[in-house]
Each structure stands twice: as structure tokens, then as C-alpha cells.
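Each remark here refers to the structure printed beneath this line.
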Amino acid sequence: MNRCDELATCTEEPDRLTRPFASDAIGRADEHITTWMRAAGMTARRDNMGNLRGRYEGAPGSTATLLLGSHVDSVRDAGKYDGPLGVLVAIAAVQALHDRDVRLPFAIEVVGFADEEGLRYGTTYLGSRALAGTFDEAELDRADARGVTMAEAILAFGGDPNRIADDRWSGGTLLGYCEVHIEQGPVLEARDLPVGLVSAIAGQSRHSLTFTGVAAHAGTTPMGSRKDALAAAAVFVQAVEAYAGSHEGLVATVGQLIVQPGAANVVPGEVTLTLDIRHAVDADRILASERLLDDAARIATRRSIAVTTTQVSDNASVACSPRLTSSLSQAVRDLGHPAIQLASGAGHDAVVMAGLTEIAMLFVRCKGGISHHPDESVAEADVAVAIGVLGRFLDLLAAGQ
Ligand code: HGY
Ligand code: MN
Ligand code: MN
């Protein structure tokens, strides 16, 4: 818990927690985590994309590796636990082995992923894609809000943007990937449970839309002859909320909206906004994307303005491994708790890791289900359960359960 507090001081903004990809703040966080990894008997290095890779060797002759971890980056004005809790619980489980001088019949790698949230470049899962070997090099040309490309950011952060391919897993047989993460939802609190197993992770589509009208004088342009990009975007935002609200299991969000030129006395000429669409069933998510992008075109045409849309990312829903989840469930029961399963509406690096190996996730109860907000909080007792469950999970895997 103290370590979560310490990492929360690593921020790009003095009055709130904002820790973007390849920033000085995440560099400071990596230094703390590296120290803690080494204290737990791990070697630690940072790869080209900026993932922290801690390794705890297995017993002599062991050949397989189990991956643990979560992400180190954050959203803007974030809570302390989304991401870092999973990295620190994994380090605590390895620390317990190291303290007992125990070597398992497999190695453990704890990964602190460089970018799960996509705050800086709008993309998602940069770190886990590099490790899974599914990173698209074309993304290196993406520019951030200050015009710094991803390649330049990687270089400045100490990585080689031309050698991201070296980051892909090449360490032999994998037993799987297990991620501990706060639930970011209300289920465990409602059921009064400290932890739960993840059954599946909802699919997620991210789009960028730009409405282009004509900037004009706010005082002299009659209402009937305006091509107001923000008025059109506002109708679209309402349409997004109405559509998602009337479709079971669908959530859709306009999280960012940038108005140009952004002056009080100028009719907005251009608005760029983000659209985040999620559903557990991929067909429903894809249909929602099509319908909402059609709505945007219809709204623009009716107002004689233009709209362009770009798909920024698309991640299918992913089921967790029954085999790994069964061992994780057994670990939960062995610690005396019911092992319930619940779906994840939030995305996680596990989505990408599912392309590399089997995945399992353990959710930790969080207060009020609050997340992506500074009020995010977890109970120390629940974190202790999560560390115990992960330790038991390692024992069960070692016993070949
Ligand atoms: O947006 C998400 O679901 C995750 O927090 N990146
Ligand atoms: Mn997260
Ligand atoms: Mn998050």
C-alpha cells in the first residue's frame, strides 16, 4: 500500500496523478519498481517499448516461464491502483518466494507494461503489443499533443524504436499470463467479496471523428448561415448516449473533445472527438460502431458540414483460460473465499497477452467501483488476500494442478 502511495507521487501534473507513456513520471515510477523487483531477487531491465521486465529464475533445469504483471502508465487525474496494484502484488508474491529461498519448477517474469491506457498517443496496449509481437510499426509515426512522435518519445526514453521487434517474447515455453487488477466495478463490493475471477474481457473499439464546419464571427454571423462544428458534435454526443442507453450491455463514451479555434467570439470551425465503444459480444460492438458512424455522417450532411472518422483501435472480446482460471479459483477457495466469476467491462493488457499465451485475471474489490478517478481505493485486507491467492496459485501451478 505504501508502494502504491509512493508511485502515486510519480506524476506529470503536480496536483493530480497523470503518468503517460515514456514520460519522466513513468521513468521515476520505473526506478522505484526496479528497486523493488531487485529486492525480491529478480533481475530487472527495461525493453525498447519501455516495459519493465523483472525475472525470478526457476529451479535448475526448469524451462517454462509464467508471466505476471500489469501496467505502470495511467489515465489523466487517475487513481493510485489501476495498473500499479497488479505489478506490486506480483512483486510481493515473488518476494515471498525469495524470502523463503524457494525456486519453483518454472521462472516468473513480472512485467510493468509501458502503456495500457493510450493517454499520450490515443492507442492502446503499446507495451503488451510489443511483448506479444503484435505492435504495428506504423504507430511509431503517431504524434502526441505537442507533435512528438512515438519514435522520438521512445528514443528519448532510452529505447530503440527500430528494435521494438526485439521486445517480443523469446524466452521459450510460457505457462500463461496472470494479471491482478482492481475490479473497477461494483460487483465484488455488492457481493461483499475481496476478490473474484475474470471470465472474459469486453471488446473495445476506439474511433476519432473530426467535424469540419466554418469558423466565423460570433457577433456578425446570422444563426441560419452558420456551419457550427461544435453544435453538430453536440448533437452527435447526445446521439451516442441515447443509442448506447437503449442497447443492453453496450457502453459508448465521448471522452475527449477538442474545439478549434477555441475562442469565445468565434463560431467553432472544427471539432475532433474520441468515441469509445464496448460490448461483451463483438457483433453488437461492431454494429454499434457502424450505426454511430452513420449517425455522425447524417448529422454532418443535415448541417452541410463535413465529418471524417478514423478507427484508432479495435480489440475483440477475449475469454480467460478455463485451465488457468480453475487453478486461480482453487487458490481463492484454498484461502477460504468463494470463487465467483465476473466479466470485465474494462480493457486490460491481458487482452493482448491472450494472443501470446493463456490468460487469467484476479479482480480485487475497489470502493464503490470507482476508477479512472483520484477517489479509487482498495482495502489493505483485500490486497493481502490477493497476494495470498497469487502465492497459492504459484504453489498449485508448481504442484502441476
Ligand atoms: O479503458 C479501459 O478499459 C482501461 O482502463 N484501459
Ligand atoms: Mn488498468
Ligand atoms: Mn485504466
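The values are calculated or read from the model by the stated rules, or taken from the named source; none is laboratory data. On a predicted model such as this, the values are computed, not experimentally measured, just so you know. So basically every Cβ, Gly included, is an ideal-geometry build from the backbone, and we count neighbours across all protein chains shown. The area values use the complete protein model at the heavy-atom level, side chains included, leaving out ligands, DNA and RNA. Shrake-Rupley method; radii C 1.70, N 1.55, O 1.52, S 1.80 Å.
Does G122 count as open to solvent by 10 Å² or more (accessible area, probe 1.4 Å), at pLDDT below 95 and not basic (K, R)? The answer is yes for G122. Please state which of the following conditions G41 fails to meet, knowing it meets all the rest: (1) closer than 23 Å to F363 by Cα; (2) out of contact with any Ser or Thr (no Cβ under 7 Å at 6 or more places or on another chain). Answer for G41: the failing condition is (1). Of all the criteria given as (1) of a type in the set (G, A, S); (2) in contact with a helix residue (DSSP H, G or I) (Cβ under 7 Å, 6 or more places away or on another chain); (3) within 30 Å of R392 (Cα to Cα), the one not satisfied by A151 is (3). Exactly one residue out of T35, T63 is over 22 Å from M1 (Cα atoms), assigned by TED's automatic domain parsing to the domain that holds R392, of a type in the set (S, T, Y) and open to solvent by 10 Å² or more (accessible area, probe 1.4 Å), and it is T63.
Hey, can you tell me all the residues within segment 83-110 that are outside any loop (DSSP other than H, G, I, E, B), within 16 Å of ligand 1 (Cβ to nearest atom) and touching a strand residue (DSSP E or B) at 6+ places or on another chain (Cβ under 7 Å)? Before the answer, list the steps.
Step one: list which residues in segment 83-110 are outside any loop (DSSP other than H, G, I, E, B), which gives 84-99, 107-110.
Imposing the further condition that a residue be within 16 Å of ligand 1 (Cβ to nearest atom) reduces the set to 84-87.
Residues satisfying the conditions are L85, G86, V87.
Scanning segment 163-198 for residues that are away from ligand 1 (no atom under 16 Å from the Cβ), open to solvent by 40 Å² or more (accessible area, probe 1.4 Å) and either part of a loop (DSSP other than H, G, I, E, B) or touching a residue at least 24 places away in the same chain (Cβ under 8 Å) (or both) yields R163, A165, D166, R168, S170, G172, T173, L175, E189, R191, D192.
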